[in-house]
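The values are calculated or read from the model by the stated rules, or taken from the named source; none is laboratory data. What you see is a predicted model, and the numbers here were worked out from it, not measured in a lab. Glycine also receives a Cβ, built like all others from the backbone with ideal geometry; neighbour counts cover every protein chain displayed.
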Amino acid sequence: MDYVYNDMNLYITNEKFYIQPNGKSEALVIDRQTPEVKVQKECDLKPLLAAKRVCGVLGTIKLISGRYLIVATHRIFVGLINGQVIWRLAGYDIIPYIPTTMHLTQQQKLQNEKYFEMLKKVLDTPFLYFSYSYDLTHTLQRLHSIPPDLFMSGLLDSADHRFVWNNYLLRNFNCSEMKAFALPIVLGFISINQANVNGYPFQWIIISRRSNERAGTRLFCRGCNDEGQCANYVETEQIIEFAGQKISFVQTRGSIPLFWRQTPNLKLKPPPEIIAGKDHLSAFTKHFDAQIMLYGRQVLVNLIDQKGREAALEKAYKNLVELLGSDSIRYEAFDFHAECKKMRWDRLNILIDRLAHEQNEFGYFHLGSDGQLYSSQDGVFRVNCIDCLDRTNVVQSMLARRSLNIVLKKLGVLQYEQNFENVSPAFEVLFKAVWADNADLISVQYSGTGALKTDFTRTGKRTKAGLIKDGTNSLTRYVLNNFYDGFRQDALDLFLGNYMIRDNEGTLIPSPLIAPKGWRYGTFPSVLMFALAMFFASAIFPKEYKTENLLFLMFWGAMIGVSTTGIMKYGTEFVNWPKLQPLSSKMDA
C-alpha cells in the first residue's frame with residue numbers, strides 16, 4: 001500500500017492551492033495569503049475545472065517575493081524493491097503564492113530571480129529519487145527494526161532525516177495533518193537490475209544515499225563540523241532479492257572527520273590544510289559515537305597519500321584514532337597511488353585481503369522468505385580518499401564484489417569454487433557498469449564532473465584512454481570548482497535551510513548576494529585581455545617586423561606575464577565564493 005498519496009490534481013484559485021488525490025474526497029488546502037495549511041476531509045473541487053496533474057508535494061520555501069510551492073510533476077520508473085515501486089524525479093514546478101513581483105524593487109526582483117535559479121539548480125541535480133510505499137532513506141536492516149505502525153502516518157516521520165533532501169521544505173508547511181501528502185526525496189544513485197547466474201534469476205540493487213547534514217561542493221566543503229558531521233557522506237547498500245529472501249551489505253564513505261580545508265585559489269591542486277585551534281578530538285568523537293551507534297564496529301580505510309601534501313592529514317587521522325582508543329574502531333591506511341603506481345592496480349587485492357577477516361566477521365543482513373532473520377551486519381567499512389569519490393569507489397566496488405560472491409554461494413547460486421566473474425560474463429559487465437555509474441553520479445553531485453579511474457571499475461584495467469579522460473575531468477573540475485561552485489554551494493544552503501531569507505531583505509536588510517569585489521578583480525583580468533589582444537595584433541598585422549614591432553611584442557608579452565602573475569598571486573580574489581553563508585561555516589567549520 002502507498003503511505004504517501006500518488007497521482008493528484010492541483011487546483012489554483014486567487015486565494016488558495018488545493019491538492020487532491022485522485023479518487024479521494026480530502027484535499028491539502030494551502031492559503032496563498034497566510035501561512036495556514038490544513039487537510040480538509042470533504043472537499044468538492046468539481047467546479048474548479050482547471051487542474052494540474054502532480055505526482056508529489058515536495059515542500060514550500062520563502063524567497064524575497066514571498067512563498068513558493070514546489071511540486072513533482074513528472075517521474076521515471078526505476079524498478080521495484082521489495083515489490084514497491086521506486087521513481088526518479090523527472091519534472092517539477094515552483095509556483096509562487098503571490099503571482100506578481102510588482103511589490104519589489106528592481107534590485108529585489110533580480111535577487112529573487114537568482115534565488116529562484118538556485119532552487120532549480122538543486123532540483124535539476126542528477127538524480128533525486130522517491131517512493132510512495134518504500135522508505136528509501138533506510139537500509140533493509142534499519143527497516144526491519146522499525147515498527148510497521150510508524151509507516152501508517154506517512155514516510156516523513158519514519159525516515160532517516162540524514163537522507164531526506166527536502167526535509168526543510170516539507171517542515172516549512174508546519175502542518176502535522178499532511179503526512180500522507182509529504183513526499184521525501186533522496187539524492188544519490190539507485191540501480192535496480194534483473195540478473196541471472198548459473199540459471200538462477202535474482203534482483204541485484206545498488207542504493208547510494210547522500211547525507212544532507214554537511215552538504216556542499218568539493219572545495220568549499222571538507223572535513224567535519226563541530227557536530228562531527230562530514231562532507232560528502234554517503235551510505236551505499238548492495239541488495240540481493242532471491243526466492244523471497246532479502247540480503248544487504250552496507251558501506252559508508254565520508255570526508256576525513258577532522259577540521260581541514262582546501263582553499264580554492266586558482267591553483268590546480270590547492271594543498272589540504274589542517275585548521276589550527278579547533279577541537280578535533282571532540283568532533284572526531286561525536287562522529288564515531290554516531291557511526292558506531294548506527295552501524296556497529298568501524299574499519300576506517302584511508303586511501304590518501306602517505307607522502308607529500310596529503311601526508312599531514314593521514315598522520316592526523318591516525319593519531320586521532322589512537323587518542324580515541326576505541327575497541328570498536330580499527331584504522332587501515334593504504335597509500336593508493338604509491339601501491340598502484342605504473343598501473344599496478346592488481347595490488348588492490350593486497351588491501352582486500354587485509355580486510356577479508358573483518359568482512360567475514362561483519363557479515364550481512366539476511367532476511368528469509370518466511371520473515372525469519374538469519375543474520376545482521378554488525379560493522380561497516382568507512383572508506384575515504386581526499387574527495388571520497390574516485391579511489392573510494394574503486395575499493396568499495398571490490399568489497400561489494402567479495403560480499404556478493406559470498407552471498408551467492410550462501411544462496412546456492414554459485415558453487416563453492418566459483419565466482420560470478422568467471423561463470424557469468426554478462427553479469428560481470430553489468431556489475432562493473434553499475435559501480436562505475438555510481439561513481440560518476442556521486443562525483444557529479446559533489447565535484448561537478450564524473451569520477452576519475454572509472455576505466456578500472458568498468459573494465460578491470462587501467463587504460464591510457466582512461467588517463468586521458470581523467471585529465472579532461474580534472475581540468476573541468478578545476479574550472480567548475482574555482483569559477484562556478486560558489487553559486488552551487490549557495491543553492492544547496494538555500495534548499496536545505498542553512499540560509500533563510502529574511503523579511504525586507506534587499507531593502508532594510510542588505511542582501512548577501514551583493515558582495516563587492518576588490519580593485520584587483522576588475523583590473524588584472526582587464527589588463528590581461530587587453531594585453532593579449534595587443535600582443536596578437538602586434539604579431540599578426542605588421543607585414544614586416546621592425547625594431548618597433550618587436551618592442552611592442554616584448555612590452556605586451558611582459559604585460560601578459562605581469563597580469564597573469566597578479567591573478568595567480570591573488571587567486572582567492574578571483575574565485576567564485578559562496579555568498580549566503582560565512583566562509584567559516586564551510587571552510588573553517
Inset, instruction - Would you be able to tell me the number of residues in region 465-476 that are buried (at least 18 other Cβ atoms within 10 Å of the Cβ) and either among the charged types (D, E, K, R) or out of contact with any helix residue (DSSP H, G or I) (no Cβ under 6 Å at 6 or more places or on another chain) (or both)? - result: 2
Inset, instruction - Might you let me know whether region 506-517 holds any residue that is assigned to a helix (DSSP H, G or I), of a type in the set (Ser, Thr, Tyr) and not assigned by TED's automatic domain parsing to the domain that holds Leu110? - result: no
Inset, instruction - Being hydrophobic (A, V, I, L, M, F, W, C), modelled with pLDDT of 95 or more and in contact with a Leu (Cβ under 9 Å, 6 or more places away or on another chain) is the filter here, so list the residues in region 257-286 that pass it. - result: Leu258, Trp260, Ile274, Ile275, Leu281, Ala283, Phe284
Inset, instruction - Within region 76-91, count every residue that is buried (at least 21 other Cβ atoms within 10 Å of the Cβ) and either under 30 Å from Ser511 (Cα atoms) or not aromatic (Phe, Trp, Tyr) (or both). - result: 3
Inset, instruction - Give the residue that is surrounded by the fewest Cβ atoms within 10 Å (Cβ to Cβ), with candidates limited to residues of region 114-170 that are assigned to a helix (DSSP H, G or I) and of a type in the set (Lys, Arg). - result: Lys120
Inset, instruction - Taking only region 477-511 into account, find how many residues are more than 30 Å from Gly450 (Cα to Cα), buried (at least 18 other Cβ atoms within 10 Å of the Cβ) and not aliphatic (A, V, I, L, M). - result: 3
Legend entry - Contacts under 6 angstrom Cβ, first residue in region 284-295 being in contact (Cβ under 8 Å) with a residue 40 or more places away in the chain, partner basic (Lys, Arg), 6 or more apart: none
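When you check Glu310 against the structure, is it without any contact (Cβ under 8 Å) to a residue 12 or more places away in the chain, in a helix (DSSP H, G or I) and not aliphatic (A, V, I, L, M), yes or no?
Details: without any contact (Cβ under 8 Å) to a residue 12 or more places away in the chain: no; in a helix (DSSP H, G or I): yes; not aliphatic (A, V, I, L, M): yes.
For Glu310, the condition - without any contact (Cβ under 8 Å) to a residue 12 or more places away in the chain, in a helix (DSSP H, G or I) and not aliphatic (A, V, I, L, M) - is not met.
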Legend entry - Out of Glu548, Glu544, sole residue that is more than 40 Å from the chain's Cα centre (by Cα), surrounded by fewer than 12 Cβ atoms within 10 Å (Cβ to Cβ), modelled with pLDDT under 85 and not in a helix (DSSP H, G or I): Glu544
Inset, instruction - Using the structure shown, decide if Ala72 is crowded, with 17+ Cβ neighbours inside 10 Å, within 26 Å of Leu150 (Cβ to Cβ), in the same structural domain as Leu155 (by TED's automatic domain parsing) and without any contact (Cβ under 8 Å) to a residue 40 or more places away in the chain. - result: no
Legend entry - Residue match in region 443-464 (condition: in a helix (DSSP H, G or I), aromatic (Phe, Trp, Tyr), at pLDDT 95 or above and buried (at least 16 other Cβ atoms within 10 Å of the Cβ)): yes
Inset, instruction - Please go through region 267-286 and pick out each residue that is assigned to a loop (DSSP other than H, G, I, E, B) and more than 15 Å from Arg218 (Cα to Cα). - result: Ile275, Ala276, Gly277, Lys278, Asp279
